[in-house]
Amino acid sequence: MGKKDRNQGKRESKQLRRERERRKKKRLPIIFGSVVACVIILIGAVVLSNMYDETKQEQKALYQDEISVSEMESKVSSQDDFFAYFYQPSCEHCKVVSPMLIPMAKQMNEALFPVNIYGKNSTWEKYQVEGTPALIHFKEGKEVGRLVGEQSKTTFEEFLKK
């Protein structure tokens, strides 16, 4: 092997090393970007999880006076004066009305009891509930008033005063 061949081999070897170095340098931003993306996704998941937990706790507090259908029927039978607030957890209008209506009724010292009627078809039929949210006023064992759907705060306030 001549001197020329050895020099050529060294040059090729240096070029290969440089090429490997360049490839490594190109990979670093990709690896770094991937790590950063994973960290961001992880932080986002934690934040969303906390928000979900807070929402669940708020809902639990909001519906703390919820009664079952049988408890409501017992109140009707005993001729109590109360408001039954029929709702469904998945109802978008209920999600707007509940945080306004339930605290308002408490503030006005009105007996309002949320009743979850999701999947309770016989209750829908018996009380002729056509949609949620539905607020029914019972007095002396009979229905004396009804509001259905998303209404203004004033409308609910006037209905509760009757």
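On a 0 to 90 degree scale, rounded to 10, what angle separates helix 3-62 from the longest Cα axis of the chain?
Roughly 10 degrees, rounded to the nearest 10.
With Cβ to Cβ distances under 12 Å as the rule, what net charge do the other residues near residue 71 carry (K, R +1; D, E -1)?
Value of the local net charge: -3.
Hey, what angle do you get for helix 92-107 against the long axis of the chain, alpha-carbon based, 0 to 90 degrees rounded to 10?
50
Could you give P(r) for the chain, binned at 10 Å from zero, as whole percent values over all Cα-Cα pairs?
All Cα pairs considered, the percentages come to 9, 27, 19, 8, 7, 7, 6, 6, 6, 4, 2, 0.
Is it possible to state the helix-based mean residue ellipticity at 222 nm for the chain, with each DSSP H run of 4+ residues giving -39500 (n - 2.57), the sum divided by total residues, to the nearest 500 deg cm²/dmol? What is it?
-21000 deg cm²/dmol
How far apart, in nm, are the 7 Å Cα→Cβ label points at residue 12 and residue 38?
So the label points at residue 12 and residue 38 sit 3.9 nm apart.
Enumerate the aspartates and glutamates that residue 60 could reach by cross-link, defined here as Cα to Cα under 18 Å, with residues fewer than 8 away along the same chain left out.
92
Taking a quarter of the surface of the convex hull around the Cα atoms of the stretch 108-147, what do you get in nm²?
3.3
Within the chain, what's the longest run with no GluC sites (Glu not before Pro) in a DSSP loop and at most 10 other beta-carbon atoms within 10 Å? Give the range, please.
That gives 1-129 as the longest site-free run.
Mind checking the per residue accessible area of the chain for me, 1.4 Å probe, whole number of Å²?
Values: 11660 Å² over 162 residues.
Using a 1.4 Å probe on heavy atoms only, each residue of the chain averages 72 Å².
With springs connecting C-alpha atoms under 10 Å apart, model the chain as a Gaussian network and identify which of 82, 32, 138 has the largest mean-square fluctuation.
The residue that fluctuates most here is 32.
Would you calculate the convex hull of the Cα atoms in the stretch 70-130 and tell me its volume per residue in Å³?
Given the Cα convex hull of the stretch 70-130, per-residue volume reads 86 Å³.
Lys and Arg at +1, Asp and Glu at -1: add these up for the other residues within a Cβ distance under 15 Å of residue 131 and post the number.
Numbers: positive: 95, 120, 146; negative: 92, 125, 130, 150.
Summing Lys/Arg as +1 and Asp/Glu as -1 gives -1.
The values are calculated or read from the model by the stated rules, or taken from the named source; none is laboratory data. These numbers were taken from a predicted model, which means no experiment stands behind them. Neighbour counts run over all protein chains shown; Cβ positions are idealised from the backbone, glycine included. Areas reflect the complete protein model, heavy atoms only, side chains present, ligands, DNA and RNA absent. Shrake-Rupley method; radii C 1.70, N 1.55, O 1.52, S 1.80 Å.
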